[in-house]
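The values are calculated or read from the model by the stated rules, or taken from the named source; none is laboratory data. Computed from a prediction, not measured in an experiment: that's the story for all the values here. Virtual Cβ from ideal backbone geometry, glycine too; neighbours counted across all protein chains shown.
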Amino acid sequence: MKFIKFLVLGTLFGIVMAKSEAMSWYRIQEMFRFQSFHMYGIIGTAVTLGVIGVTLIKKYNLRDFQGNPVTFHPKEKSIARYLLGGIIFGLGWALSGACPGPMVVNIGYGFFTMAIVFFFAIVGTYLYGYFKDKLPH
Amino acid sequence: MLDIIKQTWSWWFSGAFIAGIMFLLLFFGQSFGFSSNLRTICSAAGCGKSVKFFDFNWRSQIWNLIFLAGAILGGFITSQFLSTNEPIIISYDTIADLAKLGLSAPTSIQPPELFSLESVLTLKGFLILAIGGLFVGFGSRYAGGCTSGHAISGLSDLQLPSLLAVIGFFIGGLAMTFLIIPLIF
C-alpha cells in the first residue's frame, strides 16, 4: 500500500506528458528548431516554481510526510561528464523525440514501437556501466 | 470539464503540474528522476554480478519502478479517455521544415514515418529508434540524469552540473536536428 502514492503520481506524470504533448516527437523538433514557445514554457514554468519551492523548503527546513528533513544532494563537481553525457543524451533525444519518461508514456498510449527505443535505452545504460571506468568524468 | 481536459494542456498549467509532481515526490521522501529506472532495471536483471555499477540495492528503487508503471498507465488513460484523437497542432514553420525532409503534416501525436510498424520493419527505421534509444540511455547515465533529474530537479536546486548537462542536451539536440537529421531523412 505504501507504493500506491507513487503509482498515482506516476499516472499523473504520464497524463501530463501526454496532454502537454511533451511525449511527441513533433514537439521536440519544434523546440530544437526554436519555432514554438510551448516546450520552453513547460520547462520554464516547472523550473521557476521549482526554484521558488526548493528555496522555501531550505529556508524553512520543511520536512517530508514522515517528519524527515527534505534533503538535496549536490551533484559531484565535473565538467566533462555533464557536457559529454549531455551531448550524447541530446543527440538521442532529438532523434527519437523522447526522453526516458515519455518513452514509457508512449508505450502506454499505444505507440508500441517506442518499446524499441526504451529497450535500447536500457542497453545504452548497460554500456555506460560497462565502460564507466574508461570514460572521462 | 472533460472537454477542457481533452484539449492540449497549456504550457503554464503543464509546467505547474510537473512542479507539483516533483514537490509531492519530495514530500514522500524521494526525488524526481526518471532515468535512474534504467539503471535499476539493469540491476534487477542481474547485471550487478558482472558490472560493479549495477551492484546496488535496487529494491530501494522499487518506488520509482512503480512510478514508471504509473506513467505507462497514464499514457493509456489519456489515449483511451482524455484524448480527442485530433492531429497535434504544431508550428507551421516546423511542418514546412519537416516537409523538406519528406515528412508529411501530422495526423496524430507521433509521426508514422518514425513509429509506424511499417517504418520500424525497415533497417533504417529500426536503426533510427535503436540508436536514438541507445544514446538517450548512455547519455543520461553518463550525465547522471535526464530531463527530469537535471533540467527540472537539478535546475530547481540551482545546481551548476545540471546547467552544464542541459547545455549539453541542447548542443546534442541542435547538432542532431540541424546537422544529422537532414542527412538521414
Inset, instruction - Just name the residue that is nearest to A:LYS19 (Cα to Cα) out of those in segment A:88-137 that are among the aliphatic types (A, V, I, L, M), more than 7 Å from every other protein chain (Cβ to nearest Cβ) and in a helix (DSSP H, G or I). - result: A:MET103
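Determine, yes or no, whether A:SER36 is touching a Lys or Arg at 6+ places or on another chain (Cβ under 9 Å) and among the polar types (S, T, N, Q). Reasoning before the result, please.
On the way: touching a Lys or Arg at 6+ places or on another chain (Cβ under 9 Å): yes; among the polar types (S, T, N, Q): yes.
Against the criterion (touching a Lys or Arg at 6+ places or on another chain (Cβ under 9 Å) and among the polar types (S, T, N, Q)), A:SER36 qualifies.
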Inset, instruction - Select the helices (runs of 4 or more DSSP H) contained entirely in segment B:95-185, then report the ones holding at least 2 residues which are within 7 Å of another protein chain (Cβ to nearest Cβ) and within 24 Å of A:TYR82 (Cβ to Cβ). - result: B:123-143, B:160-175
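Could you list all residues from segment A:61-76 that are assigned to a loop (DSSP other than H, G, I, E, B) and either facing another protein chain (nearest Cβ under 7 Å) or over 30 Å from B:GLY172 (Cα atoms) (or both)? Spell out how you get there, then give the answer.
Kept after step one, since they are assigned to a loop (DSSP other than H, G, I, E, B), are these residues of segment A:61-76: A:61-62, A:64-68, A:70-76.
Across segment A:61-76, the qualifying residues are A:ASN61, A:LEU62, A:ASP64, A:PHE65, A:GLN66, A:GLY67, A:ASN68, A:VAL70, A:THR71, A:PHE72, A:PRO74, A:LYS75.
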Inset, instruction - Those residues that are more than 7 Å from chain B (Cβ to nearest Cβ) and aliphatic (A, V, I, L, M), I need them from segment A:24-56; list them, please. - result: A:ILE28, A:MET31, A:MET39, A:ILE52, A:LEU56
Legend entry - Criterion: among the polar types (S, T, N, Q), under 21 Å from the mean Cα position of the chain (by Cα) and over 22 Å from A:ALA94 (Cα atoms) - qualifying residue of B:SER35, B:SER79: B:SER79
Legend entry - Inter-residue pairs, beta-carbon under 8 Å, first crowded, with 17+ Cβ neighbours inside 10 Å and in segment B:154-181, second modelled with pLDDT under 95 and among the basic types (Lys, Arg), 6+ apart: B:GLY154/A:LYS75; B:GLN159/A:LYS75; B:PRO161/A:LYS75; B:PRO161/A:LYS77; B:SER162/A:LYS75
Inset, instruction - Scan segment A:52-73 and give yes if some residue there is in contact with a helix residue (DSSP H, G or I) (Cβ under 9 Å, 6 or more places away or on another chain) and in contact (Cβ under 8 Å) with a residue 24 or more places away in the chain, otherwise no. - result: no
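Take B:GLY75 and tell me if it is within 30 Å of B:ILE41 (Cβ to Cβ) and either surrounded by fewer than 16 Cβ atoms within 10 Å (Cβ to Cβ) or out of contact with any His (no Cβ under 6 Å at 6 or more places or on another chain) (or both). Step through it out loud before you land on a result.
Working: within 30 Å of B:ILE41 (Cβ to Cβ): yes; either surrounded by fewer than 16 Cβ atoms within 10 Å (Cβ to Cβ) or out of contact with any His (no Cβ under 6 Å at 6 or more places or on another chain) (or both): yes.
So B:GLY75 fits the description; yes.
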